[in-house]
C-alpha cells in the first residue's frame, strides 16, 4: 500500500491523530518548563507553528514575550536566528545582500538572518517602515527576492515578532498589510502570584530557554504540518467561519472587517488546533477559541468606537454571540 503524499486529502487514521497529539504535548511540556502558567498561550503559539503561520506577541516589558519565542526555537532542532529591530536596521540586514566576489568574478548572495526555520523579530515596531516591509514577501511566500533573484527560506518557517504597546516613543506602527501577515496576535499577560513565585525559583536555578533540549526536528515539524492540513472541516463550519467574518464587516463599530485571507487563516489554524486536541475534524469550539487571536489584529475600528474605548476583542465577543453555531448533527 502506497504512503499518502504530504498534502493528501486522505482521512487521518487514529494512529496519526494520536501521534500528532503526542508530539504537540511534548512540545508544549518543553515550552511550559520556562513559560510558566500560560498553557493556552503556549497551545496557540504551537498551533500557529503547525499551521505554518506567524505570531505577533504584544505585551508590556518583562512578562515573557521573548522567552516564549526563544522556548519555541529551542524546542525545535533547526536553525533559529534573533533579529533585534532598531531604527537604523536596514532591509539588507534582514534579507541579505549580493556581493561581488573578486576571486570568482561574479556576484554571490550572502543570506541574512531571515534564512532560518524560526526567526525571532524582537521589538519589530522599532524598525523603520522600509525595514518592516522587507518581511512582507518572505512571511507570505517563504522567499526573498534580492536584485531580482528569488531565494527560498528553509521550511518550516516561522516568524515570532514581539512588540511593546505601551512605550511608543521611537517606534513605527505596523501597517495593516504587515499585521495581516501574522496568523495570530497573542498577549502573555501577568502571571498569578503562585506562578510568579515559581518564576523566581526557576530564575534562581538558572531555568531559561537556553536550558531546554530540543524535542522534535524540522523534519518532524514538516510531517506534523502535513497531517494538520488533512483535518476535516465540514461545509457548515466553513460557512460558520465566513459568517463570523461577514459579521465583523457589518458591525457598526468596525471600519474595516476581516478579509477572506483572515477566514483562510482561522480555518487553517482550526485544523492544527483540533488535531492537537486529538480530533481529525474541526468543531465550532475550535473556531470560537481562535476568533480572537486570529481576527482581532485584522479589525480597524471606527473613530467613534476608539473614542468610546471599545476594543477589537469587545467587538469579536459580540460577533461570536450574534452568529448562530451550526447544529451538531450537521458538523
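A compact table of results
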{"item": "Sequence of 159, 195 once ranked by neighbouring C-beta atoms within 10 Å, starting from the fewest", "result": "195, 159"}
{"item": "Kirkwood hydrodynamic radius of the chain, Cα pairs, Å", "result": "21.1"}
{"item": "Translational diffusion of the range 59-215, µm² s⁻¹ [Kirkwood Rh, Cα pairs; Stokes-Einstein; 20 °C; 1.002 mPa s]", "result": "124"}
{"item": "Rounded to 5, percent antiparallel among DSSP beta bridges of the chain", "result": "40"}
{"item": "Cα-projected label distance for residue 84 with residue 196, points at 7 Å along beta-carbon direction, nm", "result": "2.7"}
{"item": "For the range 34-102 and the range 194-255, distance of Cα centres in Å", "result": "14"}
{"item": "Å³ per residue enclosed by the Cα convex hull of the range 11-147", "result": "158"}
{"item": "Gain in span if fully extended, residue 238 to residue 307, counting 0.36 nm per residue against the direct Cα distance", "result": "21.4 nm"}
{"item": "Relative contact order %, the range 18-227, counting alpha carbon pairs below 8 Å whose residues are six or more apart", "result": "33"}
{"item": "Kirkwood Rh, Cα atoms: Rg over Rh of the range 245-289", "result": "1.09"}
{"item": "Cα pair count fraction exceeding 20 Å, expressed as % - the range 230-331", "result": "36"}
{"item": "Radius of gyration and maximum dimension Dmax of the range 11-59, Cα, Å", "result": "12.3, 40"}
{"item": "Ranking of 319, 310 by count of other Cβ atoms within 10 Å, fewest first", "result": "310, 319"}
{"item": "Extension gain (nm, one decimal) between residue 173 and residue 97, 0.36 nm per residue minus Cα-Cα", "result": "24.8 nm"}
{"item": "Beta bridges per DSSP with both ends in the range 1-138, % antiparallel, nearest 5", "result": "55"}
{"item": "Ranking of 251, 151, 18 by count of other Cβ atoms within 10 Å, fewest first", "result": "18, 151, 251"}
{"item": "Value at 222 nm in deg cm²/dmol, rounded to 500, when DSSP H runs of n ≥ 4 in the chain each add -39,500 (n - 2.57)", "result": "-13000 deg cm²/dmol"}
{"item": "Largest-first ellipsoid semi-axes for the range 1-90, taking √(5λ) over the Cα gyration tensor eigenvalues, angstrom", "result": "30, 17, 11"}
{"item": "FRET efficiency estimate (nearest 0.05) - Cβ-Cβ, residue 205 to residue 26, R0 25 angstrom", "result": "0.70"}
{"item": "The range 112-159: C-alpha pair distances exceeding 12 Å, %", "result": "63"}
{"item": "Three-way shape call for the range 217-260 based on the alpha-carbon gyration tensor, with the a/c threshold at 1.5", "result": "oblate"}
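Here, each number is a calculation from the coordinates, and none is a lab measurement. Just so it is clear, the structure is predicted and the values come from calculations on it, not from any experiment. Because the Cβ atoms are built from the backbone with ideal geometry, glycine has one as well, and the counts that use them run over all protein chains shown.
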